[in-house]
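The next block holds one structure in the form of structure tokens; read it before the comments.
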Amino acid sequence: MLKKISLFFRNQPTITRLTLENEIKRLLPSLGGKFILEIGAGINNSRSLQIPHSTYVTMDIRSKAAPDVLGDAFSLPFKSTVFDRVIMTEVLEHCYEPIEVIKECYRVITKGGLLILSTRFVYPVHKGPSDYYRFTEECLKRLLADFSSVQIIPLGHRLGVIMDLISENIPVLRI
């Protein structure tokens, strides 16, 4: 019974994840775009419902996520300049060569298209798959230098970071 309770709490979203999902829900309807790619879409993804009148393609490296396209971000299996929008949340820290992933995103985005990207800064090392990096604002600006315009919006706050760090070992704090 105690093990079931522990698993329940461990599977609850962190404050950081809830903050990110709320921001994405707020942002997505205004993005528009006819052809949208989400890299690292994960399981039970319902973001496509938030962007009406679009072709929404999900991609993931895990077959259990049941994506539209099975593949990795290092070699996107699409022609160049296909997507109006590319969404990649909480993926970049799991890429051992993030610059190559950003180059691929840039390649598949149409002129005037958007990359919506989120990544962790202060967060416990985690699997799903391997976890390689944390990015500062300056690093992100350098990685995204080929894009004509870059806007970095920090999300979260110190208390949320502390709760995420603590809840790694005390999952009951995720409620």
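Surface exposure of the range 61-123, expressed per residue as accessible area with a 1.4 Å probe, stands at 51 Å².
Inter-label distance, residue 53 to residue 110: 1.3 nm, where each label sits 7 Å from its Cα along the C-beta direction. Net length available on complete extension from residue 148 to residue 136 is 2.4 nm, with 0.36 nm assigned per residue and the Cα-Cα distance removed. With a cut-off of 12 Å between beta carbons, the residues surrounding residue 70 carry a summed charge of -1, where Lys and Arg count +1 and Asp and Glu -1. Between residue 121 and residue 25, the distance separating the two model label sites (each 7 Å from Cα on the Cα→Cβ line) works out to 2.4 nm.
If the chain linking residue 66 and residue 166 were pulled fully straight, counting 0.36 nm for each residue of separation and taking away their Cα-Cα distance, it would gain 32.8 nm.
Å³ per residue of the Cα convex hull, for the range 47-96? Taking the convex hull of the Cα positions in the range 47-96, it is 101 Å³ per residue.
Compactness ratio for the range 91-159: Cα radius of gyration over 2.2 N^0.38 Å (N = residue count) comes to 1.16. Note on the range 49-161: dipole from Cβ charges, positive end direction compared against 55, 156, 126; the farthest Cα belongs to 156.
Counting Lys and Arg as +1 and Asp and Glu as -1 over every other residue whose Cβ lies under 12 Å from the Cβ of residue 110, the net charge comes to +4.
Local charge for residue 143 was computed over the other residues whose Cβ lies under 14 Å away, with Lys and Arg +1 and Asp and Glu -1, and equals -3.
The values are calculated or read from the model by the stated rules, or taken from the named source; none is laboratory data. Please read these numbers as outputs of a predicted model, since none were measured by experiment. Backbone-built Cβ (ideal geometry, glycine too); neighbour counts: all protein chains shown. All accessible areas refer to the heavy atoms of the entire protein, side chains included, with ligands and DNA or RNA removed. Shrake-Rupley method; radii C 1.70, N 1.55, O 1.52, S 1.80 Å.
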